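Here is the structure we will look at, set down as structure tokens.
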Amino acid sequence: MEPELDTNQVIDNLNAILEAELSGVVRYTHYSLMVTGPNRIPLVDFLKAQATESLVHAQEVGEILTGFGGHPSTNIAAIEETNQHSIRDILGESLAHEKGAVQLYRELLNTVENASVFLEEFARSKIAIEEQHQLELAKMLRDYSEE
């Protein structure tokens, strides 16, 4: 017998993810505006793409959330403004954000495991995407680890 889906917990998980993804839109947009230096253009493009992807993820999560009868949060997760805008700081904070996103998607996966193939696959696909972002950010940070 399959476990019953805890819809209230799913909605709570999805709202936490929604808030984190919306904070990613603001975070990455802010970072894209603060980048300076010789690598500005490719980094701005990368950060803007991250902001766009966060918005797409938020929209996908919102559609699923409302499909389960939930009400999407209008909040965004807290964004600490460190006023540290070196490339190393921006990439390091981005990596921390991506790790937090993976944790939220893992919590959703734990909630839905063996109760919803759709939600399991959704969570797994987002975990894979966020883990890929972590790898990219880690590679980008390598040049700054020696300083």
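The values are calculated or read from the model by the stated rules, or taken from the named source; none is laboratory data. Keep in mind the model is a prediction, meaning the values are calculated, not measured. With ideal geometry, Cβ positions are generated from the backbone for all residues, glycine too; neighbour counts draw on all protein chains shown.
Take the range 34-60 and flag every residue that is part of a helix (DSSP H, G or I), among the aliphatic types (A, V, I, L, M) and touching a helix residue (DSSP H, G or I) at 6+ places or on another chain (Cβ under 9 Å).
If we filter the range 34-60 for residues that are part of a helix (DSSP H, G or I), which is where we start, we get 34, 40-60.
So of that shortlist, the ones also among the aliphatic types (A, V, I, L, M) come out as 34, 41, 43-44, 47, 49, 51, 55-56, 58.
Listed by number, the residues that qualify are Met34, Leu43, Val44, Leu47, Ala49, Ala51, Leu55, Val56, Ala58.
Under 6 Å by Cβ, and 6 or more places apart or on different chains, what pairs join a residue from the range 116-140 that is over 13 Å from Ser94 (Cα atoms) with one that is modelled with pLDDT of 95 or more and hydroxyl-bearing (Ser, Thr, Tyr)?
Pairs found: Ala123/Tyr105; Lys126/Tyr105; Ile127/Tyr105.
Within the range 3-17, identify whether any single residue is farther than 21 Å from Leu141 by Cβ, in contact with a helix residue (DSSP H, G or I) (Cβ under 9 Å, 6 or more places away or on another chain), of a type in the set (D, E, K, R) and not in a helix (DSSP H, G or I), and answer yes or no.
There is at least one residue in the range 3-17 that is farther than 21 Å from Leu141 by Cβ, in contact with a helix residue (DSSP H, G or I) (Cβ under 9 Å, 6 or more places away or on another chain), of a type in the set (D, E, K, R) and not in a helix (DSSP H, G or I).
Results for (1) more than 12 Å from the chain's Cα centre (by Cα); (2) not aliphatic (A, V, I, L, M), shown as yes or no for each residue.
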position: Asn15; (1), (2): yes, yes
position: Glu19; (1), (2): no, yes
position: Leu104; (1), (2): no, no
position: Leu108; (1), (2): yes, no
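Looking for something surrounded by 20 or more Cβ atoms within 10 Å (Cβ to Cβ), modelled with pLDDT of 95 or more and of a type in the set (A, V, I, L, M, F, W, C) - is there at least one such residue anywhere in the range 68-76?
So far as the range 68-76 goes, no, none of its residues is surrounded by 20 or more Cβ atoms within 10 Å (Cβ to Cβ), modelled with pLDDT of 95 or more and of a type in the set (A, V, I, L, M, F, W, C).
Would you confirm whether any residue within the range 119-126 is more than 18 Å from Val26 (Cβ to Cβ), in contact with a Phe, Trp or Tyr (Cβ under 9 Å, 6 or more places away or on another chain) and in a loop (DSSP other than H, G, I, E, B)?
no
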